[in-house]
1. Based on this model, can you work out whether residue 34 counts as of a type outside the set (D, E, K, R) and in contact with a helix residue (DSSP H, G or I) (Cβ under 8 Å, 6 or more places away or on another chain)?
2. Could you list, ordered by first residue, the pairs with Cβ atoms under 9 Å in which the first is in region 19-35 and at positive phi and the second is outside any loop (DSSP other than H, G, I, E, B), at least 6 apart or interchain?
3. Regarding residue 116, is this residue in a strand (DSSP E or B), of a type outside the set (Lys, Arg), free of Cβ contacts under 8 Å to residues at least 40 places away in the same chain and over 23 Å from residue 29 (Cβ atoms)?
4. I'd like the full set of residues that are outside any strand (DSSP E or B) and exposed (fewer than 14 other Cβ atoms within 10 Å of the Cβ), limited to region 15-30.
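None of the figures in this text is laboratory data; all of them are computed from the coordinates on show. This is a predicted model, so every value here is computed, not measured. Every residue, glycine among them, receives a Cβ derived from its backbone with ideal geometry; neighbour counts consider all protein chains shown.
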Amino acid sequence: MGVKPDHWIRRMAYEYKMIEPFVEEQVTKGVISYGLSAYGYDIRVSDEFKVFTNVYNTVVDPKQFDERSFVSIKTDVCIIPPNSFALGRTVEYFRIPRNVITLCVGKSTYARCGIIVNVTPFEPEWEGFVTLEISNTTPLPAKIYANEGIAQVLFFEADEVCEVSYADKKGKYQRQLGITPPKV
């Protein structure tokens, strides 16, 4: 990066609108932390969730996804049932530059409670709200707090731009605005 990583992220956020809204410093008081950190950015989960349920006895199939597999809720605190899973979305909207790729990892506060957050990399020139996969690996119900930190995004800048970006491929998750179920 050549400059301090947090300065680079701040510059990219303001000049290229890479992260909106952008929180310039880490917010920690009374919340699960979010905002700019030394080498990345701690993203927040919004108040929209899709919690998986077995009410209709459907099968989770990525090629023929049945939306009856989950219940959509809007709440400040999402309760994920034991050994279950929910989808959420970030508060932040991302615009990834052509010479950048990200890696997203869960926050230790949730990991220590058996909550695993899985997010695939944000590819060069991908844009949108991030769909978050949140798993409760415990035998107990688990709370997820909306508008607080859920995962950390690490940014990697390449020396050269990629030959084919996510936008060039017309990726199926480009510019997603809400929680987006699997597509084939």
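1. Details: of a type outside the set (D, E, K, R): yes; in contact with a helix residue (DSSP H, G or I) (Cβ under 8 Å, 6 or more places away or on another chain): no.
So residue 34 fails the test.
2. Every condition considered, the pairs that remain are 35/27; 35/41; 35/42; 35/44; 35/149.
3. It is true that residue 116 is in a strand (DSSP E or B), of a type outside the set (Lys, Arg), free of Cβ contacts under 8 Å to residues at least 40 places away in the same chain and over 23 Å from residue 29 (Cβ atoms).
4. 15, 16, 17, 21, 24, 25, 28, 29, 30
Yes/no per residue for (1) of a type in the set (D, E, K, R); (2) within 12 Å of the chain's Cα centre (by Cα); (3) surrounded by 15 or more Cβ atoms within 10 Å (Cβ to Cβ):
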position	(1), (2), (3)
120	no, yes, no
134	no, yes, yes
146	no, no, yes
184	no, no, no
